[in-house]
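As structure tokens, the structure follows; a few thoughts come after it.
The values are calculated or read from the model by the stated rules, or taken from the named source; none is laboratory data. Source: prediction; values computed, not measured. Positions of Cβ are generated from backbone atoms using ideal geometry, with glycine treated the same way; all protein chains shown enter the neighbour counts. Please note that ligands, DNA and RNA were not included when accessible areas were found on the heavy atoms of the full protein model with its side chains. Shrake-Rupley method; radii C 1.70, N 1.55, O 1.52, S 1.80 Å.
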Amino acid sequence: MEAQYLLRNCGRADVRVVGYDDIIQEFKLPGAYATVGTDKQKLAKTAIRLLMERINGAYEKESRKQVLGVKLVEHG
């Protein structure tokens, strides 16, 4: 939100700022804004599962990667 405010004050209202994580939905800020969101419960469950697999020795050497879907969320 601060970036949008500063851009408007510089006469650049044509530039869009997009957040990443959709955490802003928890704060109910005024105005229109866009952010990239994902299913936070699925993200948390996936992170815990991968951590538990690592702790339990399911894999030791290589990092593992899990790709979750995202969506553009427009508020306001």
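A few comments on the model shown:
- Residue selected from the stretch 20-51 under the condition modelled with pLDDT of 90 or more and among the small types (Gly, Ala, Ser), by the criterion surrounded by the most Cβ atoms within 10 Å (Cβ to Cβ): Ala47
- Considering the stretch 2-19, the residues that are within 19 Å of Leu72 (Cβ to Cβ) and open to solvent by 90 Å² or more (accessible area, probe 1.4 Å) include one that is modelled with the lowest pLDDT, namely Arg16.
- Test: residue in the stretch 52-61 that is modelled with pLDDT under 80 and open to solvent by 70 Å² or more (accessible area, probe 1.4 Å): yes
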